[in-house]
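S.K.: The structure that follows is given in the form of structure tokens.
Each value in this text was obtained by applying a stated rule to the coordinates, not by laboratory testing. Please read all numbers here as calculations on a predicted model, not as lab measurements. Cβ placement follows ideal geometry from the backbone for every residue including glycine, while neighbour counts extend to all protein chains displayed.
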Amino acid sequence: MSFLSWRSVYFVSIGLRFVLALSNSYIHPDEHFQSFEVLAGRMFSLSTREPWEFGSLAPARSAVPLLVVYYLPLTIAQWLGLLPLQTWYLVRLVFMAISWMVTDWCLYKMLPTKQERIKAIYFVLTSFVSLVYQLHTFSNSIETVLVVLTVYFINELRFIRTLPEDQYKTSDIINASVAIGVLFAFGIFNRVTFPAFFVIPGFFLLQSSLKWMYLPIVTTCAFMTTAICCVLVDSCWFGETSISAILEHPWLWSQYVVTPYNNLVYNASFENLAQHGIHPFYTHILVNVPQILGPGLVLLLPRFRNSYWKTTPFLSAMSGLIFLSLVPHQELRFLIPIVPLLCACFDVAALESACQKHPLFLSCVMNAWLIFNILMGTMMGVLHQGGVVPALDFLHENPQYSSPGNALIWWRTYSPPTWMLDQKMGNLQIVSVDENTLFLSCDLDSRIGKASIDAMGMEAGKLQELIKSVSARYPRVYLITPIASFSHKFNTSQFEEIWRYNSHVDLDHFDLSRLQSFQPGLAIYNLL
């Protein structure tokens, strides 16, 4: 790749980062419900549906990562008087900036030559996972930044260990040790699976510890200090204690909240995991990795070998892939952290050497990589559930549709993040129903004049019963649903379309026997 083409791709990718950071796609409910829905309710007293992970009985997710990453942008947004949609965009831009700077800087520092740096950053920049998933507000996006930073510091210690003693400073080792301890503790409180990425690279830490005996002491102290701070914050956030109460009775263990422990206890139960989906152990390797890398698999394993297999990024990625595959719940986004690591290990030189007799093959692979990521980036970064957030923004900007006496019924969409309606706590009733729920209008609190009802993927006949029941209580009922589902299941003469958004695709309800099911778009319908 020439320097000119590298610069062209780099500057084009800058524009793409901003475009996709400000896109409206909705990949998974966790990007809202494990961040904004939690903080908006507690910080701004908005009507939200706080997920079970952040419940007060046995919280399984720490508030610390949310406060560190979101608190300042949300506070600035409140000070500037930004709308919910603008606030969401602001945080997405923060995610973009942090991941961009950290990933590029770590790859630049870790890789030995200019050619290797250009190659790694090129593939990271053109990966739809980096351009889309990484810019969404997942805990996995935060984890990616922490993993890349930790890999960098482990790799730094590994490099220093090869130098003569007169070519490095003790302070370099101490700084790296402190950083690893802090990152490891913060990573565990962000996602309890964080150590999975470092089981194999931990061997290099062990080697370094044998050479510098003070290294494990410094690392442990940094880890424990960070972990204790996280426990104290979570104990005050979730519990009924305070710092002064803890200082007065430090040995009262019942006042402490240790969220990683609660998370491990919850996920140790097969019945609990079954509620979220049980997958075969090979799902990550045979299903998710091909989805995130596509043609990049050819670049990663030309002739089923990789000359980078001894490098810290490669071993960390393999460690995460292997040990996360031991967990029976396996979602694609869990593998986001391995993408920048594996992009640094794409063995382009080996593939080029193997294809000397067929030079067009390498060109085809490179073109296939770009086409694959353009298609996946467009689907997941623009179209996937892309109308949910604009619908919420429309409802927020037109108060007559979310005023007292109105009921919003969401069908065949991802759960709506109701914080974007900007309704104060107690002004909006939020209800989730499914096919197993016997829902009657009397289940609604008569003291709350507005309702948002998430009907999920309820069968159409039961949905119509639900609409009838709700309409007996609320004078105005609005149905928010994909256009394809509405036109197939409902009598259009009973509804009036008041809004539509065409850049919306519902991948969960395609019907190959009915081409109309592929019609894109989301609309809001008023029950007449």
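S.K.: Show me the ranking of peptides 42-49, 206-213 by mean Cβ neighbours inside 10 Å, starting with the highest.
M.R.: 42-49, 206-213
S.K.: Determine the sum of side-chain charges near ILE480: Lys and Arg each +1, Asp and Glu each -1, restricted to other residues whose C-beta is under 13 angstrom from that of ILE480.
M.R.: -2
S.K.: Could you give the Stokes-Einstein D for segment 1-124 in µm² per second, using the C-alpha Kirkwood radius, 37 °C, 0.692 mPa s?
M.R.: Estimated via Stokes-Einstein, D reaches 194 µm²/s.
S.K.: Could you give the dipole magnitude of the chain about its Cα centre, charging the beta-carbon of Lys and Arg +1 and that of Asp and Glu -1, in debye to the nearest 20?
M.R.: 1160
S.K.: I would also like to ask the following. Note down the magnitude of the dipole of segment 388-527 about its Cα centre, charges +1 on Lys and Arg C-beta and -1 on Asp and Glu C-beta and zero elsewhere, to the nearest 20 debye.
M.R.: With Lys and Arg at +1 and Asp and Glu at -1, about 320 debye.
S.K.: Among TRP419, THR492, LEU515, pick out the residue whose Cα is farthest towards the positive end of the charge dipole of segment 388-527, where Lys and Arg carry +1 and Asp and Glu carry -1 on C-beta, about the Cα centre.
M.R.: Result: THR492.
S.K.: How are the Cα pair distances of segment 388-527 distributed, in percent, across 5 Å bins from 0?
M.R.: 2, 10, 22, 24, 22, 13, 5, 2, 0, 0
S.K.: Using alpha-carbon pairs under 8 Å, 6+ residues apart, how would you state the relative contact order of segment 372-528 in percent?
M.R.: Relative contact order here is 29 percent.
S.K.: With θ set to phi - 60°, apply the Karplus curve 6.51 cos²θ - 1.76 cosθ + 1.60 along segment 392-399 and write out the HN-Hα couplings as whole Hz, x wherever there is a Gly or Pro.
M.R.: Whole-Hz 3J(HN,Hα) from phi for segment 392-399: 4, 5, 4, 5, 5, 7, 10, x.
S.K.: Taking amide hydrogens as modeled 1.01 Å from N in the peptide plane, which residues meet the under 5 Å criterion relative to MET425, leaving out close sequence neighbours?
M.R.: LEU46, SER47
S.K.: Specify the angular offset, from 0 to 90 degrees and rounded to the nearest 10, of the alpha carbon long axis of helix 64-80 from the longest principal axis of the alpha carbons in the chain.
M.R.: Helix 64-80 sits roughly 60 degrees off the main axis of the chain.
S.K.: Suppose every Lys and Arg Cβ carries +1 and every Asp and Glu Cβ carries -1, with no other charges. What dipole size does segment 110-207 come out with about its Cα centre, to the nearest 20 debye?
M.R.: Computed charge dipole of segment 110-207: roughly 220 debye.
S.K.: Per the helix-only calculation at 222 nm, which mean residue ellipticity applies to the chain, given -39500 (n - 2.57) for every DSSP H run of n ≥ 4 and division by its residues, nearest 500 deg cm²/dmol?
M.R.: Value at 222 nm, helices only: -16000 deg cm²/dmol.
S.K.: Nearest 0.05, what FRET efficiency do THR170 and LEU72 give at R0 = 51 Å with Cβ-Cβ as r?
M.R.: Computed FRET efficiency for THR170 and LEU72 comes out at 0.90.
S.K.: Computed from the coordinates I sent, P(r) over Cα pairs in 20 Å bins from 0, in percent equals one of (i) 17, 35, 27, 17, 3; (ii) 22, 56, 21, 1; (iii) 20, 51, 26, 3, 0. Tell me the label.
M.R.: (iii)
S.K.: Using the Karplus curve 6.51 cos²θ - 1.76 cosθ + 1.60 with θ = phi - 60°, work out ³J(HN,Hα) for each residue of segment 219-230 in order, rounded to whole Hz, and write x for Gly and Pro.
M.R.: Computed from phi, the couplings for segment 219-230 are 4, 5, 4, 5, 4, 5, 4, 5, 4, 5, 4, 5 Hz.
S.K.: Among ASN24, TYR133, SER45, whose Cα lies farthest out toward the positive end of the dipole of the chain, if unit charges sit on the beta carbon of Lys, Arg (+1) and Asp, Glu (-1)?
M.R.: TYR133
S.K.: Indicate the gyration tensor shape class of segment 86-147 (rounded, prolate or oblate), computed on the Cα atoms with a ≥ b ≥ c the square roots of the eigenvalues: a/c under 1.5 is rounded; otherwise a/b larger than b/c is prolate and the rest oblate.
M.R.: prolate
S.K.: Starting from the Cα gyration tensor of segment 265-390, take the square roots of the eigenvalues, sort them a ≥ b ≥ c, and report rounded, prolate or oblate (rounded when a/c is under 1.5, otherwise prolate if a/b is larger than b/c, else oblate).
M.R.: Since a/c reaches 1.5 but b/c is at least a/b, the shape of segment 265-390 is classed as oblate.
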